[in-house]
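Report on one structure; see the data block that follows.
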Amino acid sequence: MATSSERFRPRASAVEGAKERPQAIGIISALVIGFSVLFLLAGVPKVWELFQQHSDPVVGFIEELVYGGFVLLVILLGCLGVATGIGLHLLWRWARVSILIFSALLPYVFVMMVIAFLSEPTFFGPEDELPYIFGAATFVLAMGIWCLFYFNRMSVKRLFQARRKIPVAYS
């Protein structure tokens, strides 16, 4: 039977501080926060502009509701990305699950966007810089696939689970 001092003594955590956190997690958390803020700064005004263009009393309530919902979705996704980046930096378990879900959805979204862009040849105009857009999308896709494999490694799983091991006092 454990003595009182053994039961209430804090256990040594596998994560003592930033020196125990792999550098890759710090880089990914910074990238997730940066891309999410960029998504908020660039996406919300663009979607809001789209909302204003379709804000016509003749169009109807349902279409305005759909565009308004899309604006809200962009804002929520950006805020979720910022929260996930902060959670990754602090090694919270839910943030690992969130980045895994996001990383699993990235290839699907990328393939659907490529199909949509290729099926509609007039989607981009001659003034659009398609190589830069495609390069950025390819980088995000590669980052998502890499995150999918990285955050499923056993050592990374243990790192995120180590934060939850809090000593339990039994009476």
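Quick check on my filter: what residues within region 115-135 are out of contact with any helix residue (DSSP H, G or I) (no Cβ under 7 Å at 6 or more places or on another chain), surrounded by 12 or more Cβ atoms within 10 Å (Cβ to Cβ) and at pLDDT below 75? Within region 115-135, PHE117, LEU130, ILE133 meet the criteria. The criterion of at least 3 residues that are at pLDDT 75 or above is met, among helices (runs of 4 or more DSSP H) falling completely within region 1-95, by 23-53, 61-89.
Residue pairs whose Cβ atoms lie under 7 Å apart, sitting 6 or more positions apart in sequence or on different chains, and linking a residue in region 95-119 that is within 17 Å of ILE28 (Cβ to Cβ) to a partner that is of a type in the set (Ser, Thr, Tyr), are ALA95/THR84; SER98/THR84; ILE99/THR84. Condition check for SER155 on (1) under 17 Å from SER98 (Cα atoms); (2) assigned to a helix (DSSP H, G or I); (3) modelled with pLDDT of 85 or more: one failure, at (1).
The values are calculated or read from the model by the stated rules, or taken from the named source; none is laboratory data. In this text, all values refer to a predicted model and were calculated from it rather than measured experimentally. Cβ atoms come from the backbone with ideal geometry, glycine included; neighbour counts cover every protein chain shown.
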